[in-house]
1. Does the range A:87-164 come out rounded, prolate or oblate, given a ≥ b ≥ c as the square roots of the eigenvalues of its C-alpha gyration tensor, rounded meaning a/c under 1.5 and, failing that, prolate meaning a/b above b/c?
2. Where does each of B:337, A:47 land when they are ranked from fewest to most other beta-carbon atoms within 10 angstrom?
3. Name the long-range amide H neighbours of residue B:284: under 5 Å, sequence gap of 5 or more, or other chain; modelled H, no Pro or chain starts.
4. Among the listed pairs A:132/B:132; B:302/B:360; A:19/A:76; A:144/B:84, which are separated by more than 18 Å between their Cα atoms?
5. When a footprinting reagent is the concern and you count Cβ atoms within 10 Å, what order do B:216, A:141 take, fewest first?
6. So how much slack lies between residue B:319 and residue B:228, counting 0.36 nm per residue of separation and subtracting their Cα-Cα distance, in nm?
7. Output ³J(HN,Hα) for the range B:244-261: one whole-Hz value per residue in order, computed from phi by the Karplus curve 6.51 cos²θ - 1.76 cosθ + 1.60 with θ = phi - 60°, and x for Gly and Pro.
8. Give me the log10 of I(q) over I(0) for the range A:116-160 at q = 0.21, 0.24, 0.26 Å⁻¹, as the Debye formula computes it from C-alpha points; what are the numbers?
Amino acid sequence: MSSSPPPSSAAASPSCPKKMIALRSSDGETFEIEEAAALQSKTLENMIDEDCAGTPIPLPNVTGKILAKVVEFCSKHAEPGVDDESLRAWDAEFVNVEQATVFDYILAANFLEIPTLLNLTCNVVADMIRGKTPDEIRKFFNIKSIFSPEEEEEVRRENHWAFE
Amino acid sequence: MLLFFVSCFSFILISRSMSCKPLLPMRNRLILSFPIAWGQLSSFFMSFFHRIKLNQVLMMKPLKKMTTGPSQVLQVQDFPGEEKFSLLDLPELTLDCILERLSPAGLCSMAEVCSSMREKCRSDHLWEKHMKQKWNRLIGDAATREWQCQLASRKRPSLCGLDRRNGFKKDLLFRVWPFTWMRPNLECGSNKPRSDFPVDSIMCLYLSLENGKFWFPAQVYNRENGHSGFMLSCYDAHVSYDSRTDTFQARYSSPGRRTVEENIPWDRLRAPPISTPPHELHNSDCLNDLRPGDHIEIQWRKSKEFPYGWWYGVVGHLESCDGNGDHCRCHYSDNVMLEFNQYPFDSRWRRTIINRKEHKEAGTEGNGFYGGIRKLYANEEISTWKGLRPSHVME
C-alpha cells in the first residue's frame, strides 16, 4: 500500500481533524494515519511538531505487518464517542494474538511511546505469567534457565517459605 | 555524539552493501532504506535519542543477535538464522512495566526462572509498591526500627552470648532471625551467611511479614477479643501475620505472664501513633487546649509494674457547669473532666478529673494510674474509636 505524500501546509494546524500523516515501515510499506490518532504516539507527536510530517516518517524498527495494527489501534483509540466498555472489549480482541505478536506490539509501543498500547500489552504478558510456576513460565516463554543446581536450590529455598 | 552514531551507521551500511546476503527484517536490527536525506536522518536520530528510553542495544547492536544476562551464556546466532524472540529480549523499560504488574507471588515465581530475572525481581522499587499497598498503615517508625535492629544484630560478628547481653531477652534471638535457614551456627561461632539473599531489601521485609516470621510492634484495640476489661483501649503488643487466615497473633507482655491472642483482624490494629514506649509516661502537651467535647486518649495502668494502655475518652463538662455551650466556662478551670462513656454512670471508671496545670500521673493502686494524654484531632482516629464502641453500656 503506498500513496504520494500530502503537500505540506505552511502552518500545520493540529485542529484540522482530517490531516493525514504518512508513515513508512522498515520494509518500505507506507501507511496513512489521521493526525489525531498519530498524536497518541509521543514519538510521532514530536516529529509532527518538528515539521517532519511533510514526507513519510520512517520507522525503521517497525515492520509493515505490525505498523498496520498499530495504526488500527491508535485510530480506534482516537475515535470519538466510543464507550469504555466497547473499547475494552475491542482491546481484548486486539491483543488476542500469539505471544510473538504481543512482543512485537510491546516493542512498537515502546519505540513509538504509546502509553495505552504499552499498558495493554504489558498487562497481557503479566496475565500470561500470573499463576504459573517457574517451570511453566520457562516453558511458556521458551526461557533457558542457567542456574547451577546449587543456585536453583537456593532460590527455591528463598521463595518457598514465603508462600507455602 | 551524533557524529559518532552517523559514522557507525555509515560503516554498517557500507559493510552491508558489500555482503551477498539479502537484507531481512529482524526485530532487533536497525534497517535503513536508502533514499532518506541525511538532514532528515540526523533530525530523526536527534529526536529519537532525546525522547526514547529504548535499550541502546537495539540501536547499537551489531548485526548478530546476542542474548544477555549475568550468568546466561552468550549465544551468538549467525545471520540469517532467526530464533524465537524471548521475553528476556524485551527492553528494560518494558520488562519493568510487566514486572510492576505482578503480584508478590508472581515476582517470586519469576525470580526462580533465571538469574537475570532473579536480580530484577528482587529490586526494591518493585516491592515498595506492594509494601505500601498492604503494610503502610501498620508498618510505621516503631516497626521499621525493630526491623533495622534485627538486621543490625544479624550482621554482628559474633552472636555467642547474645542472651547474656544487657537488654536482650532470650526470645529475642528467635525474633532476630526471620529465616530459619539463615539462623547462625552458634556452636562454631561461624558468621558466614549461607546465602547472598539481600536481607536489607524491601522484598525481604515483605516476605518476612507475610510468612509471620517478623514480629513487629503494634497496638491492639479492645484486646483479648473485646474483653470487657479492655473495652475502648489500645495496648502495645508484638504481632505477627498469618497469611492463611489474613489475621494476626499478638503477644502482650505483662509482669509474670505472657498473654497471646489470635485471629485479630486488621481493623483492630494500628501502628503506634507516637513514640512513647508502653512503660514510659507520655508528656502531655495538650492540657491547656482541652475543652468539653474534645476526644482524647489517656494512658492508664493497673499498677506501676504494668505497662500503660491507651484509653479513649471525651472531655466532659464539670459538675458545676450546666453543659450549655454559651455559658460554659469549663475550659478556664484548672480541672478537666474526662469521661469514659463505655462504663455505666455509677461505675468508678466512668469519670476522672485531672488538673491541667500539674497533671503527670495520678491515681492509686486500687484504681490504677492515669498518665499522659493525647488530644485526638484526626477524624479517622476518632471515628475508629467510635466504631469500636460497644452497642450497649457495659455492666
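1. Since a/c reaches 1.5 and a/b is larger than b/c, the shape of the range A:87-164 is classed as prolate.
2. Working: B:337 20, A:47 23.
The order, fewest Cβ neighbours first, is B:337, A:47.
3. The answer is B:373.
4. On the way: A:132/B:132 25 Å; B:302/B:360 16 Å; A:19/A:76 16 Å; A:144/B:84 12 Å.
Beyond 18 Å between Cα atoms: A:132/B:132.
5. Numbers: B:216 26, A:141 19.
By the 10 Å Cβ count, ascending, the order reads A:141, B:216.
6. Values: separation 91, 0.36 × 91 = 32.76 nm, distance 2.73 nm.
Taking residue B:319 through residue B:228 to full extension adds about 30.0 nm, to one decimal.
7. Rounded to whole hertz, the list is 5, 9, 6, 9, 10, 9, 10, 10, 9, 10, 10, x, x, 8, 10, 9, 10, 10.
8. Log10 of I(q)/I(0), two decimals: -0.80, -0.91, -0.96.
Computed from the coordinates by the stated procedures, all read-outs in this text should not be read as laboratory data. In this text, all values refer to a predicted model and were calculated from it rather than measured experimentally. Counting neighbours? That spans all protein chains shown, and the Cβs are built from the backbone with ideal geometry, glycine included.
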